[in-house]
Amino acid sequence: MAEKTPVARSGRAKRPPVNGRNVLSLSNKESGYEYRFVNDVGDRVESFKERGWELVDAADVSVGERRVAGSTALGSKAQASVDKSGMKAFVMRIPSEWYAEDQAEKAKQIAETEKTMKQQALSQNDYGKLEINR
């Protein structure tokens, strides 16, 4: 499925500015999944796999904005270069239901931490207050 290139009035392809390029965008995502880029540093990718995330095949999503139509090796995983040193970030996904569970657990942990902070602030201070805004 080829993306159409916008055309300027002159008939030539519309040129996007360099500063507007979004290398880490994804398209053709399957519904029912949450996607993210995971830097290939240390055992970070393996750590995500252990938590239910899976690597996405390059043929299943489009990384970046416009790309010249090219072939990818069968079975290769979707990835993007994320810095000048050549570090790669792999595209990973997890079922939306699992993602929502993970986010709820994170919110619960944050709420507990904030509760502890407020209790400590009240018990240790004779003046002032601790206020947490989002």
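Bear in mind these aren't lab numbers, they're just calculated from the coordinates by the rules spelled out. Only a predicted model underlies this, so the values are computations on that prediction, with no experimental measurement involved. Cβ sites come from the backbone with ideal geometry, for glycine too, and all protein chains shown count toward neighbours.
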inquiry  = Going by amide H atoms built from the backbone, whose H comes under 5 Å of the H on Lys77, apart from near neighbours?
reply    = Ala58
query = Which ³J(HN,Hα) values, rounded to whole Hz and listed in residue order, are derived for the stretch 115-123 from phi using the Karplus coefficients 6.51, -1.76 and 1.60 in 6.51 cos²θ - 1.76 cosθ + 1.60 with θ = phi - 60°, glycine and proline given as x?
reply = 4, 4, 4, 5, 4, 5, 5, 5, 7
key: Derived scalar couplings ³J(HN,Hα) [the stretch 87-97; Karplus, 6.51 cos²θ - 1.76 cosθ + 1.60; whole Hz; x for Gly, Pro]   = 4, 10, 10, 8, 7, 10, 9, 9, x, 3, 4
request  = With a cut-off of at most 13 other beta carbons within 10 Å, and DSSP calling the residue loop, which GluC sites (Glu not before Pro) in the stretch 76-129 qualify? Please list them.
outcome  = none
message = Through the Karplus equation 6.51 cos²θ - 1.76 cosθ + 1.60, θ set to phi - 60°, convert the phi angles of the stretch 44-53 into ³J(HN,Hα) values in whole Hz; use x for Gly and Pro.
response = 4, 5, 4, 4, 5, 4, 4, 9, x, 7
inquiry  = Under the 0.36 nm per residue contour assumption, what length would be gained going from the current alpha-carbon distance of Val41 and Val61 to full extension?
reply    = 5.0 nm
remark   = Non-local residues with an amide H under 5 Å from the amide H of Trp53, with H modelled 1.01 Å from N and Pro and chain starts lacking one, are none
message = Under the rule of at least 5 residues apart or a separate chain, name every residue whose amide H is placed under 5 Å from the amide H of Glu34.
response = Ile94, Ser96
